[in-house]
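Q: Got a structure for you, written out below as structure tokens; questions coming shortly.
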Amino acid sequence: MRSVINLIFVSLFIIWGNVVAQDAQSIVAKADAVVNAPKDQKATLTMILIDKNRNQKQRIAEFLQKGDDKRIMRFTAPADQKGIAFLGLPNDVQYLYMPAFHKVRRIASHVKNTKFAGTDFTYDDLSSFSYAKDYNAKLLSQDNQFWVLELRPKPGVNKDYGKLKMWVRKDNYYPAKVEFYDKGGNLWKVMERRQIEKVGKYWVSKEMEIKDLKEEHATIMKLENIEFDTGLPDKLFTKRYLKRAK
């Protein structure tokens, strides 16, 4: 009788564990879906770079995204950064355009941990707007406001981060905070999304900050002039368009 009870207990424990794991993964998938809900979007980005001495530099960029796997970011100011552009395409294909060399080059996988144009966003960060496909999620805790999840790279997925810790809002599934840990388990970066508002039918964060704790450097990114579902054509997300600095 006792063995039967033990077997039932073990079975229920396994089922409960699978349900929790599935719930955590579905929470991340829903968070991805909320962030990438618009058919397309465009915005003006004001980026403030802050070094360890609190010195600041400001940059302006245009941002275009279609679906969850096509995006362009192009600097329009200041003059020494104007025209530098990043293009992300499906299947983790990325390109960089440097106006000084008049050449588009593909970003190799082994340099995707390099920071984009002095910001605290690596090329991999710029392409990682979807987490569910690359990470396995586990629910760590929850309260009335947030689910707190641990994300670890799936087998065969190469990431510079050993794990992530994500806070997802319960009211709208928006990921409000992400901590990035290195492979040694040390906290490396912290990303916070602020001014989370509903614009039309979509939730959006109008201000994002990412801090590199190792380099004592931060980048604040503010979104302005946001437009959704304007019918951006595919021709905008090409190497040819990447070179059209204005």
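Q: Can you grab the distance from the C-alpha centre of segment 53-126 to the C-alpha centre of segment 134-152, Å, no decimals?
A: Taking the Cα centre of segment 134-152 as reference, the centre of segment 53-126 is 29 Å away.
Q: Something else: Working from Cα positions, state the angle (0 to 90°, nearest 10) between the long axis of helix 2-35 and the longest principal axis of the chain.
A: 20 degrees
Q: List the equivalent ellipsoid semi-axes of segment 139-233 in whole Å, largest first, each obtained as the square root of 5λ for an eigenvalue λ of the Cα gyration tensor.
A: Working through the eigenvalues yields semi-axes of 26, 18, 15 Å.
Q: Report the one residue of Y123, V204, S26 whose Cα lies farthest in the direction of the positive end of the charge dipole of the chain (charges on C-beta: Lys and Arg +1, Asp and Glu -1; origin at the Cα centre).
A: Highest projection toward the positive end goes to Y123.
Q: So for the pair D23, K170, with labels modelled 7 Å out along Cα→Cβ, what separation do we get in nm?
A: Taking the two extended label points, one gets 1.1 nm.
Q: Return the distance in nm (one decimal) between the two label points of a simple spin-label model at I60 and Q195, each offset 7 Å from Cα along Cα→Cβ.
A: 1.6 nm
Q: Mean separation of Cα pairs under 8 Å and 6+ residues apart, divided by the residue count of segment 135-216: what relative contact order is that in percent?
A: After rounding, I find 18 percent.
Q: Which value in nm describes the separation of the simple spin-label points at V104 and A33, placed 7 Å from the Cα toward the beta carbon?
A: 3.3 nm
Q: Right, another one. Grab the DSSP H runs of the chain that are 4 residues or longer, score each as -39,500 (n - 2.57), total them, divide by all residues and round the 222 nm result to the nearest 500 deg cm²/dmol.
A: Rounded to the nearest 500, it is -5500 deg cm²/dmol.
Q: Tell me, what is the 1.4 Å probe accessible area of D134, in Å² to the nearest 10?
A: About 30 Å², rounded to the nearest 10.
Q: Mind checking the per residue accessible area of the chain for me, 1.4 Å probe, whole number of Å²?
A: Roughly 55 Å² per residue, with all protein chains present.
Q: Oh, and also: State, in angstrom, two size descriptors of the chain derived from its alpha carbons: Rg to one decimal place and Dmax to the nearest whole number.
A: For the chain, the Cα radius of gyration and maximum Cα-Cα distance read 20.0, 79 Å.
Q: Given a 1.4 Å probe and every protein chain left where it sits, what share in percent of the accessible area of the chain is carbon and sulfur?
A: C and S atoms contribute 52 percent here.
The values are calculated or read from the model by the stated rules, or taken from the named source; none is laboratory data. Bear in mind that the values here come from a model prediction, so they are computed numbers and not experimental data. Quick reminder, even Gly has a Cβ in these numbers, built from the backbone with ideal geometry, and neighbours come from all protein chains shown. Accessible surface is based on the protein model in full, side chains and every heavy atom, while ligands, DNA and RNA are left aside. Shrake-Rupley method; radii C 1.70, N 1.55, O 1.52, S 1.80 Å.
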